[in-house]
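First the structure, in the form of C-alpha cells, and then the observations on it.
Bear in mind these aren't lab numbers, they're just calculated from the coordinates by the rules spelled out. All values derive from a computational prediction rather than experimental measurement. Note: ideal-geometry Cβ built from the backbone for every residue, glycine included; neighbour counts use all protein chains shown.
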Amino acid sequence: MRAVFLRFALRNLARHKFRSTLAVVGIVIGVIAISSLGILGNSIKLSFSEAFSAVGNELVVHPKSESTISEKVLREVERASGAGSEVIPVRQRTELVDFGAEKKPVVVYGLRSEDIPLLLELEEGRLLKRGSSNCLLGSEIAEEHDLNVGERLRVGTQELRIAGILKERGLGFDINPDYAVVVEAKAFVRLFNASLSAAGKEGYNFLIVRVNRLEDVERVKSAIESRLNKREKRVSVLDLKRLMESFNEAFAKISTFLLGIGAVSLLVAGVSILNVMMMSVVERTKEIGIMRAIGTSRAGVLRMFLYESLLLGFAGSAIGGVLSFGGGFLILSFWMQQTSYLLAPSSILCIFFGIAFGIATSVLSGLYPAWRASTLNPIEALRHE
C-alpha cells in the first residue's frame, strides 16, 4: 500500500515539473550555503588548531616591573619550572635589514644555539653553532626576496651569511620566525650591544617555558607566579594552552554562526515547499475527496503528501550535497587560499549535516499541508470546483 502512495506522490510532482523544480532548486541552494559556510568555519578552526598545536605546552613569561628579564630572573624561572621543563630565553629587536634591492624593518631573534632546535625546524642548510656569526632566515622572507643558503644580507651595520632557511611554522604566540631573521644569542649581543646598553635593555625580552607534559602546564604556571610575584608583580605568564582553548571556543561559535546563516536560506526554501504543497492541496481537493470516498484513510492521504515533500527534500539535498564540495572548494580558495581541509572528516560532516537539515526542513514544511489534506471532509471535497 505504501508503494501506491509513493507512486501517487511521484505522479503529482511530475504533473507540476516547473513548480517542483523551483522547490528543489531552493533546497539545493540552501544545502550548498549551509554546507559551504560550515566547511569554511570548520577549516578556520582546523587551521588555527594546527598552527598552534605545537605550542600548547608552552608558557610565555614577559617582564612586568622591568623592561627586560635579567639573568637572575631567568635562573628563578628555571628553578620554579622544575627539571621537567625547558626555559628558553629570547632576545628580540626590530631592525632595518638590507636585502639588496630594498631595505625593510624585520624582527631579529637572538636564541642560544642549543635552544634553536627546540623551537625551529630547517627547510635547508644547517643550524647555528655557539658563537656563530651567520643567521637563519624565515621561509616567507626567503621566498619574498628570493634568497638562498650561502647568500648574504645586511642587518643594521653588519653583513650576515645565511646558514639555513627555516621551515614554515605559521603564526605563533611565542615567536613568529616565518618573517624574521634568527641569530645566535652571542651574535645578537655583538650586533646590538651598544644600543642595548644605552637603552638599559641588556636582558631578555621574554622567556618561553616548554613543559614536557601538557597536564603539568597549570602547575608550572602557578609555581612561576608564586615564586616571582610574591612581593610585587615582576612577570606576567601567558598560558598558551588556555589561550588556545579560548580561541577554539570562539571559533566554534563562529562556525555555529556561519551554519545559522546557511540555515536561513534553507528555511526560505522550506517556505517555498510549504507554498507548493498548499497549492497542491487546493488544486487536488476534489481528488482527495474521491480517494476518501473509495476508502482511503486519513493516514494514507497524509502519507502521500509527506512523500511528496520528502521526495522534494531528498532530491534537493542530494544534489546540494554533491555540489557542496564545489562550493566548499571555491570558498576555501577565496578566503583561505588553500583547500587542504576540504576532505577533513569534520568538513565532510558539515555536508552530511546540510543534507540532513535540508531533508528535515522539507518534511517539516510538508507537515501542515499533509495534515490539512488528511482532515478535509470527503463530501465537501467532492463538491469543490
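If you stretched the chain out fully between residue 179 and residue 62, how much longer would it get, using 0.36 nm times the residue separation minus the C-alpha to C-alpha distance?
Full extension from residue 179 to residue 62 adds 40.0 nm.
Taking the Cα-to-Cβ direction at residue 144 and at residue 242 and moving 7 Å from each Cα, how far apart do the two end points lie in nm?
The modelled label-to-label distance comes out at 3.3 nm.
Helix 345-374: angle to the longest alpha-carbon principal axis of the chain, degrees 0 to 90, nearest 10?
20 degrees
I need 184, 380 ordered by Cβ neighbour count within 10 Å, fewest first.
Arranged by neighbour count, lowest to highest, 184, 380 become 380, 184.
Among DSSP beta bridges whose residues both lie in region 70-225, state the antiparallel percentage, nearest 5.
Bridges in region 70-225 that DSSP calls antiparallel: roughly 75 percent.
Among 329, 251, 188, 18, which comes first, then next, by fewest other beta-carbon atoms within 10 Å?
Going from least to most buried by this count: 18, 329, 251, 188.
Quote the relative contact order of the chain in percent (integer), defining contacts as alpha-carbon pairs under 8 Å separated by 6+ residues.
Contact order relative to length: 30 percent.
Roughly how many nanometres apart are two label points built 7 Å out from the Cα toward the Cβ at residue 375 and residue 113?
Modelled inter-label distance: 8.6 nm.
For the modelled label position 7 Å from the Cα of residue 102 along Cα-to-Cβ, which residues of region 122-149 have backbone nitrogen atoms closer than 20 Å?
Only 137-148 fall inside the zone, counting backbone N under 20 Å.
Take the residue pairs 45/221; 129/221; 45/233 and return only those whose Cα atoms are more than 28 Å apart.
Distance filter (> 28 Å) returns 129/221; 45/233.
Count charges around residue 234 for me, please; just the other residues with Cβ under 12 Å from its Cβ, Lys/Arg as +1, Asp/Glu as -1.
+2
When the helix-only estimate is applied to the chain (DSSP H runs of n ≥ 4, each -39,500 (n - 2.57), divided by the residue count), what is the mean residue ellipticity at 222 nm, nearest 500 deg cm²/dmol?
Taken over the chain, the calculation gives -20000 deg cm²/dmol.
Each label point is 7 Å from the Cα along the Cα-to-Cβ direction; what then is the distance between the points at residue 212 and residue 95, in nm?
Reported label-point gap for residue 212 and residue 95 is 3.6 nm.
Please get the size of the charge dipole for the chain, origin at its Cα centre, with Cβ charges of +1 on Lys and Arg and -1 on Asp and Glu, quoted in debye to the nearest 20.
1400 debye
With percent of Cα pairs over 39 Å apart in mind, check (i) 18; (ii) 12; (iii) 45 and report the label derived from this structure.
The calculated read-out lines up with (iii).
Order these peptides, 37-45, 86-94, by their mean beta-carbon neighbour count within 10 angstrom, highest first.
Ranked from most to least packed, the peptides come out as 37-45, 86-94.
Only counting other Cβ atoms within 10 Å, I'd like 311, 238, 137 sorted with the fewest neighbours first.
238, 311, 137
Work out how much length residue 249 to residue 18 would gain on full extension: take 0.36 nm times their residue separation and subtract the Cα-Cα distance, in nm to one decimal.
78.7 nm
Angle between the Cα long axis of helix 298-335 and the longest principal axis of the chain, 0 to 90 degrees, nearest 10?
That works out to roughly 30 degrees.
Counting alpha carbon pairs within less than 8 Å and at least 6 residues apart, what relative contact order, in whole percent, applies to region 72-193?
Result for region 72-193 is 29 percent.
Kindly express, to the nearest 10 degrees and within the range 0 to 90, the angle between helix 71-81's C-alpha long axis and the longest C-alpha principal axis of the chain.
It works out to around 50 degrees.
Computed FRET efficiency, Cβ-Cβ of residue 343 and residue 257, R0 22 Å: what is it to the nearest 0.05?
After rounding to 0.05, the efficiency reads 0.40.
Treating the beta-carbon of each Lys and Arg as +1 and of each Asp and Glu as -1, no other charges, what is the dipole magnitude of region 58-212 about its Cα centre, to the nearest 20 debye?
Using Cβ point charges on Lys, Arg, Asp and Glu, region 58-212 gives about 680 debye.
Provide the packing ranking of 108-116, 334-342, i.e. peptides ordered by the mean count of other C-beta atoms within 10 Å per residue, highest first.
My ranking of the peptides, most packed first, is 108-116, 334-342.
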